[in-house]
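A short write-up of the structure that comes next.
The values are calculated or read from the model by the stated rules, or taken from the named source; none is laboratory data. Quick caveat: nothing in here was measured; it's all calculated off a predicted structure. A quick note on method: Cβ atoms are made from the backbone with ideal geometry, for glycine too, and the neighbour counts reach across all protein chains shown.
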Amino acid sequence: MKFQTSALLLVVAAASTNAFTQLSTNARTSVALREGGGLSVDLPSIESQIAYQPGAADTEFARRFGGDKFVDAEIRTVGEAFTAFTEEYGFQVNALYKNMITDTVGTIHLITVNARFVRDPVWSLGILSALELLLKNYPEPGMYEKITTSLFKSCNLDEAAIRAEAEELKAWAAGKTKEDIEAALKGGDDSILGNVSKTVKGDEFWMYSRYFGIGLVKLMEMTGVEMDKDDVYPIMENWMSTQLGVSHITACGDSDLFFRVKDKLDMMETMMKEIEIREKKRMAERLEAKAEAALKAAEREEKMEVEIELEAEANRERVGATDE
């Protein structure tokens, strides 16, 4: 046992020595390279780590997002955001929709608390389109609107402003072609979509989020693009990379996700309609059986009344014959 413990200590000591030797070698290499005018591979010093201050780096990003507004901001957790949604909604979420709504609240919360997030009309159109897709068939009447309002409030979003921006963009896009949308994204004109393009191209720290991509998908639908992921993918790539000059990979992935969710929801809707039709058919059969049973019972009762009347008439005739 003593031998095993000693051997273990020797292994640990050897590993520590090797790590220290490697660290020293790296430091000497850095010094040698600097002295020789070559590549510098500086290792962070302990002093620099101790003196670190959030948002105080000498970079453009830190100068823009390193103020007290962001560094000392109180950010709620996803759990707290969902608690706020639950309190605002005030009802039990349908079991079929609970996971979906939980994920939606968490996703929107994480997007909107990011310091780089800026709402624009495309994003507003996208989030409303996504919520309509997810909640349009919610079983309890009137709860779709209630859930939407509660979700916006739990994430500190202005629902009225979001709806106004989305309607303005839809009004502008009405009657437009795919080429018109491309021209607005590319040229950055004074239209509502052109202003969005200017913002994206003029901000090196512009933040893409899922609902911006869904907003573009909705614009494609309005311009008559076939709503199939294979048809949407190249258009999304063109609009994001070629026209806006930003990466298209995440946006294309989000458009694929949109269609996968849409296909599942359409399938679920079809199944629910089939179940509803079968249930209505069974109910009709039950009502028909009840009506048939009631009709037979009425016939039996009528027949019995006739027989009773005939028997009574026969009894009266016998009584009359006896009296004579």
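Test residue 277 against the criterion of being outside the structural domain of residue 107 (by TED's automatic domain parsing) and outside any loop (DSSP other than H, G, I, E, B), and give yes or no. Reasoning before the result, please.
Working: outside the structural domain of residue 107 (by TED's automatic domain parsing): yes; outside any loop (DSSP other than H, G, I, E, B): yes.
The answer is yes for residue 277.
Scan segment 197-221 residue by residue and report those that are of a type in the set (A, V, I, L, M), within 22 Å of the chain's Cα centre (by Cα) and surrounded by 16 or more Cβ atoms within 10 Å (Cβ to Cβ).
Going through segment 197-221, the residues of a type in the set (A, V, I, L, M) turn out to be 200, 207, 214, 216-217, 219-220.
Pick out the ones that are also within 22 Å of the chain's Cα centre (by Cα) and you get 207, 214, 216-217, 219-220.
Scanning segment 197-221 gives 214, 216, 217, 219, 220.
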Evaluation of residue 254 against (1) assigned by TED's automatic domain parsing to the domain that holds residue 133; (2) out of contact with any Gly (no Cβ under 6 Å at 6 or more places or on another chain); (3) modelled with pLDDT of 85 or more (one fails), failing number: (2)
Scanning segment 33-88 residue by residue, the ones that are in a loop (DSSP other than H, G, I, E, B) and at pLDDT 70 or above total 15
Of the residues 117, 152, which is under 22 Å from residue 216 (Cβ atoms) and either touching an Asp or Glu at 6+ places or on another chain (Cβ under 6 Å) or crowded, with 17+ Cβ neighbours inside 10 Å (or both)? 152
Leading residue by the ranking (modelled with the lowest pLDDT) among those in segment 160-186 that are assigned to a helix (DSSP H, G or I) and surrounded by fewer than 13 Cβ atoms within 10 Å (Cβ to Cβ): 179
For residue 114, only one of the following conditions fails: (1) touching a residue at least 40 places away in the same chain (Cβ under 8 Å); (2) assigned to a helix (DSSP H, G or I). What is its number? (2)
Taking segment 227-256 only, how many residues are free of Cβ contacts under 8 Å to residues at least 40 places away in the same chain and in contact with a helix residue (DSSP H, G or I) (Cβ under 8 Å, 6 or more places away or on another chain)? 12
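For the condition buried (at least 18 other Cβ atoms within 10 Å of the Cβ), farther than 20 Å from residue 214 by Cα and out of contact with any strand residue (DSSP E or B) (no Cβ under 6 Å at 6 or more places or on another chain), what is the one hit in 122, 93, 105?
Values: 122 fails: farther than 20 Å from residue 214 by Cα; 105 fails: farther than 20 Å from residue 214 by Cα.
None of the other options fit; the residue is 93.
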Please determine, by comparing only the residues of segment 146-159 that are aliphatic (A, V, I, L, M) and assigned to a helix (DSSP H, G or I), which one is nearest to residue 82 (Cα to Cα). 151
Considering only residues that are among the β-branched types (Val, Ile, Thr) and closer than 15 Å to residue 134 by Cα, look in segment 242-270 and name the one that is surrounded by the most Cβ atoms within 10 Å (Cβ to Cβ). 261
Would segment 284-301 turn up any residue that is surrounded by fewer than 12 Cβ atoms within 10 Å (Cβ to Cβ) and either among the polar types (S, T, N, Q) or in the same structural domain as residue 123 (by TED's automatic domain parsing) (or both)? no
